[in-house]
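*Asks:* Questions regarding the structure given below will be posed in turn.
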Amino acid sequence: MSCSRLNFRLEAQATGSRARAASFRTLHNEVQTPLFMPVGTQATVKAQATQSLEDAGSQILLANTYHLLLRPGPEVFRRLGGIHEFMSWKRSVLTDSGGFQIFSLPHSRSMSEEGAAFQSYLDGRTILLSPELSIETQRAIGSDIMMALDQCIPSTAENSAARAALGITHRWALRSLAARGDSPQALFGIVQGALFKELRRESAESLCGMPFDGFAIGGLAVGESRSEREDVCEFTAELLPRDKPRYLMGVGTPLDILEAVHRGVDMFDCIIPTQVAQRGGVFTSRGFLQLRRGIYKFSEAPLDPLCGCPTCARYSRAYLHHLTKTGETLGWQLLGQHNIYFYHALMREIRQSILEDRFLELYREKRAVLHIEDLDNPVRQPKPGKKKLYKLGAYEVHTAPEGFASIRHIASGEIMHSRTPPIEEARRLYVEQSRLVERIGNSEIAEPLVVWDVGLGAAANAMAAIHAYEKQALTGPVRPMRLISFENDLDALKLARVNNNLFPYVRHAGPDAILKKGEWQSPVHAGLNWTLLAGDFLETMSQALELPDVIFYDMFSSKTDGDHWTPEAFRRLFAVCGGGAAELFTYTCSTAIRAGLLSAGFHVAKGRSTGEKLETTIALTPAARLSAAPCPHEILGCDWLEKWKRSGAKFPLGIEEDQRSAFERAILGHPQFRAV
Ligand SMILES: [Zn+2]
């Protein structure tokens, strides 16, 4: 048999993310990834006819071997021509191994090397589910993709238990492959290892040596925290072969899926869309709605104004609210239809953005709305009687699901430091990367270190720099530091000040003085001084009295604030640096923006990852590049240049058609690439 039965083709890989788009061919249809598989436990996706699944764009359905083994039993599938004929479904089916359900049974199961024995809930007889019986049942069901039986353990299991489970899982993997024989059905192996990275690595290595057609990441979404899951998912996906599909079992909400696509996963399944529908919940482009709420009693609007599904085309929120309140099956069916449609539409949108290499942009955009609960009719009202200012001018306070607060630009929806607490991201991305502590620790230099904080915002970056200075000054003599912040709108900082319980880092004399007088001199450290240059950075940059050693470039993104990301803006900044040694740090990793920095004369290097991006960007003036040898940063090399040449988004904003060839020459001839 060929090494893969799926003819997997990787079609695109996103920039600045591990997201990928691919196609493969099953026994029934051509499948495009990333994709979501609705769960049809009993050979039916609950309350959905196969016709509406086809219409919604379902490509693969998941069916549960454990349930189908007990009822209707494999003989029914053998006689009636498999599950496709049985349920009238012409596209693909993936069957799980049955293991997960057995391991979830509270009683009446026992484990051995041979398999998992359990008692049928129907007639009480004992069944030994071995790898061979699992495959035999899946062959009878006739799925396109089968899963190898594995020993599932909770993600929070201890190392020794996880290791023992791994050994059994690998021996069962070999037995499953042998049992598959020359069946044309594809078979996936399942990587286990709980939260232990060395076990995940060991598991991936042994399974990848076996002739599986794809790999699943198992044992997640069962008790670990969100960040643990994302971390292990990213780590494990990276260990899997590029040329096989990757499947994260049992995940998840739209946001979970978006995050996992970003981390390199192709396939997902989850009962959530139909399960929440049964309880009146729907995912929409305006957040998650609970239809039971009385607020919809008179609402003539569709569930989701942007959705093209049959439910949204035909029914009002008021009617769906009524069906939900009365517990009518039709409500479950219609809401489920919408949710499945919503999931598939999201996956198609994600896929398209990967093919057009703008996934990261879509990721930011989606992440900002997918976790929101009912944007138009927020559930949590501010407490009455306790007046608090959460909105000011163009900004409002945003609270992340993890509990920390950030400032959101209302018109664009863009959030300053949306992923990690603002002060943590500021520390990681700006203070640590610029080696600020090392620079100020060198007290033999009398010249002040000059830091330009471009885009003061709510002052997270500025305060991270000040905290670092104050901490270092406690340990001994330090070099003076001048912090110069550029900002045209102080409302974000004012908002953070008013809500300083949510933004504890602004509880400091500095922000007060900056808001009142535009400058602050530390009363404790004579060398520490902070000034504000109010106005548009493109105008004010030439008014700064001191040229920068370090630049924190933290403006709103090019979508919200295009002017500050053009090659022209970078040329002016480069000119202002006047041959000095300056290093610029910014959160973006956009190919076009990096090209813009190169065209302005900067050398460009990769910056470290943030919670949200695998890379950020560092730009150095030629003098900065020369002054530090060896360069502490990873300068972009010819591989980046090749990628840029092929990129669909190689030209930054502000480069007109007739300027393109000159721009191209400037990039191709940049000294940074000659030096390699
Ligand atoms: Zn809809």
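*Asks:* In whole Hz and in residue order, list the ³J(HN,Hα) couplings for region 191-197 that follow from phi through the Karplus curve 6.51 cos²θ - 1.76 cosθ + 1.60, θ = phi - 60°; x for Gly and Pro.
*Replies:* Result, rounded to whole Hz: 7, 10, x, 6, 9, 8, 5.
*Asks:* For region 507-564, what is the convex hull volume of its Cα atoms per residue in Å³? Write down the numbers at each step before the final one.
*Replies:* Numbers: hull volume 7.3 nm³, N = 58.
For region 507-564, the hull spanned by Cα atoms encloses 125 Å³ per residue.
*Asks:* Consider all pairwise Cα distances in region 251-305 and report the whole-number % of them above 16 Å.
*Replies:* Result for the distance tail: 52 percent.
*Asks:* Moving to a separate point now. Which ³J(HN,Hα) values in Hz, rounded to whole numbers, follow from the phi angles of region 455-472 under the Karplus curve 6.51 cos²θ - 1.76 cosθ + 1.60, where θ = phi - 60° and Gly and Pro get x?
*Replies:* x, 4, x, 8, 6, 5, 5, 4, 5, 5, 5, 5, 4, 4, 5, 4, 5, 5
*Asks:* Another one. So, in nm, how far is label ASN488 from label LEU10 when the simple model puts each one 7 Å beyond its Cα toward the Cβ?
*Replies:* 4.2 nm
*Asks:* Compute the FRET efficiency between ARG78 and TYR121 as 1/(1 + (r/R0)^6), taking r as their Cβ-Cβ distance and R0 = 25 Å, and round to the nearest 0.05. All intermediate terms of the calculation are to be shown ahead of the outcome.
*Replies:* Values: r = 23 Å, r/R0 = 0.91.
E between ARG78 and TYR121, to the nearest 0.05, is 0.65.
*Asks:* Then there is this: Taking every pair of distinct Cα atoms and averaging 1/r, then inverting, what Kirkwood hydrodynamic radius in Å comes out for region 150-211?
*Replies:* On the way: mean 1/r = 0.0834 Å⁻¹.
After inverting the mean inverse Cα-Cα distance, the result is 12.0 Å.
*Asks:* Please report, in cubic angstrom per residue, the volume enclosed by the convex hull of the alpha-carbon atoms of region 553-607. All intermediate terms of the calculation are to be shown ahead of the outcome.
*Replies:* Numbers: hull volume 4.1 nm³, N = 55.
Looking at region 553-607, the number lands at 74 Å³ per residue.
*Asks:* Then there is this: D for region 623-675, whole µm²/s, Stokes-Einstein with Kirkwood Rh over alpha-carbon pairs at 4 °C and 1.567 mPa s: what number? The partial results should precede the final answer.
*Replies:* Numbers: Rh = 12.8 Å.
The diffusion coefficient I find is 101 µm²/s.
*Asks:* Right, something else. Residue separation times 0.36 nm, minus the C-alpha to C-alpha distance between ASP182 and SER160: what's the value?
*Replies:* Working: separation 22, 0.36 × 22 = 7.92 nm, distance 3.57 nm.
Stretched out fully, the ASP182 to SER160 stretch lengthens by 4.3 nm.
*Asks:* Need the full-extension length gain, LEU174 to ALA526, defined as separation in residues times 0.36 nm minus the C-alpha distance. One decimal, nm. List each step's numbers first, then the result.
*Replies:* Values: separation 352, 0.36 × 352 = 126.72 nm, distance 7.00 nm.
Contour length minus the Cα-Cα distance gives 119.7 nm.
*Asks:* Counting only Cα, what are the radius of gyration and maximum Cα-Cα distance Dmax of region 424-470, in Å?
*Replies:* Every Cα atom of region 424-470 included, Rg and Dmax give 10.7, 33 Å.
*Asks:* Just to be sure I follow: if Rg is taken over the C-alpha atoms of region 84-177 and Rh is the Kirkwood radius over the same atoms, what is Rg/Rh?
*Replies:* Values: Rg = 14.4 Å, Rh = 14.3 Å.
Checking Rg against Rh, the ratio lands at 1.01.
*Asks:* Continuing with this model, one more query. Under a crude label model (7 Å from the Cα following the beta-carbon direction), how far is LEU515 from LEU389 in nanometres?
*Replies:* 0.7 nm
*Asks:* May I ask for log10 I(q)/I(0) of region 1-148 at q = 0.10 Å⁻¹, from a Debye sum over the Cα atoms as equal point scatterers with solvent left out?
*Replies:* The calculated log intensity ratios at q = 0.10 Å⁻¹ are -0.41.
*Asks:* Starting from the amide H of GLY250, placed 1.01 Å from N in the peptide plane, find each other amide H under 5 Å away whose residue is 5 or more places distant or on another chain.
*Replies:* The answer is ASP269.
*Asks:* Assuming 1.306 mPa s and 10 °C, estimate D for the chain with Stokes-Einstein, Rh taken as the Kirkwood radius over Cα pairs, in µm²/s. Could the numbers behind the result be given before it?
*Replies:* Working: Rh = 27.8 Å.
Translational D for this selection: 57 µm²/s.
*Asks:* OK, next. Report relative contact order for the chain in percent, whole number only (criteria: Cα-Cα under 8 Å, sequence separation at least 6). Write out the running numbers ahead of the final one.
*Replies:* Numbers: 1307 pairs, mean separation 64.4, N = 676.
RCO, the chain: 10 percent.
*Asks:* Only helical DSSP H runs with n ≥ 4 go in: add -39500 (n - 2.57) per run for the chain, normalise by residue count and round the 222 nm mean residue ellipticity to 500 deg cm²/dmol. Mind dumping the intermediate values first?
*Replies:* Working: 27 runs with 257 residues, N = 676.
Theoretical 222 nm ellipticity from helices: -11000 deg cm²/dmol.
*Asks:* Which ³J(HN,Hα) values, rounded to whole Hz and listed in residue order, are derived for region 326-337 from phi using the Karplus coefficients 6.51, -1.76 and 1.60 in 6.51 cos²θ - 1.76 cosθ + 1.60 with θ = phi - 60°, glycine and proline given as x?
*Replies:* 8, x, 6, 4, 4, x, 4, 4, 5, 5, x, 4
*Asks:* In nm, what is the difference between 0.36 nm times the number of residues separating ALA49 and SER609 and their Cα-Cα distance?
*Replies:* 197.2 nm
*Asks:* What are the residues whose amide H is under 5 Å from the amide H of GLU373, where those residues sit 5 or more places off or on another chain and H is modelled from the backbone?
*Replies:* PHE288
*Asks:* Right, here's the next one. Between ARG71 and ARG435, what is the label-point separation in nm under the 7 Å Cα-to-beta-carbon projection?
*Replies:* Reported label-point gap for ARG435 and ARG71 is 6.9 nm.
*Asks:* Continuing with the same structure: In terms of the ratio Rg/(2.2 N^0.38 Å) built on C-alpha atoms, what value belongs to region 84-243?
*Replies:* Working: Rg = 15.7 Å, N = 160, 2.2 N^0.38 = 15.1 Å.
My calculation over the Cα atoms of region 84-243 gives 1.04.
*Asks:* If you put +1 on each Lys and Arg Cβ and -1 on each Asp and Glu Cβ, how big is the dipole of the chain around its Cα centre, in Debye rounded to 20?
*Replies:* Working: 76 positive and 76 negative charges, 219 e Å.
For the chain, the charge dipole is close to 1060 debye.
*Asks:* Next up: Rg over Rh of region 165-286, using C-alpha atoms and the Kirkwood radius, what does it come to? Please list the in-between numbers first.
*Replies:* Details: Rg = 15.5 Å, Rh = 15.3 Å.
Reported Rg/Rh, Kirkwood definition of Rh: 1.01.
*Asks:* Alpha carbon centre of region 257-278 versus region 542-614: separation in Å?
*Replies:* Here the answer is 36 Å between Cα centres.
*Asks:* Treating each Cα of region 280-429 as an identical point scatterer and ignoring solvent, apply the Debye formula and state log10 I(q)/I(0) at q = 0.09, 0.16 Å⁻¹.
*Replies:* Debye intensities relative to I(0), on a log10 scale: -0.37, -1.01.
*Asks:* Same structure again: Let me know the Rg and Dmax you get for region 518-676 when you use only its Cα atoms, in Å.
*Replies:* 16.4, 56
*Asks:* Moving on to the next point. CYS631 to ASP376: FRET efficiency via 1/(1 + (r/R0)^6), r the Cβ-Cβ distance, R0 45 Å, to the nearest 0.05?
*Replies:* On the way: r = 50 Å, r/R0 = 1.12.
About 0.35, to the nearest 0.05.
Values in this text are rule-based calculations from the coordinates and carry no lab data. Small disclaimer: the values here were computed from a predicted structure and weren't measured. Methodologically, a virtual Cβ is constructed for each residue, glycine included, from the backbone with ideal geometry; neighbour enumeration extends over all protein chains shown.
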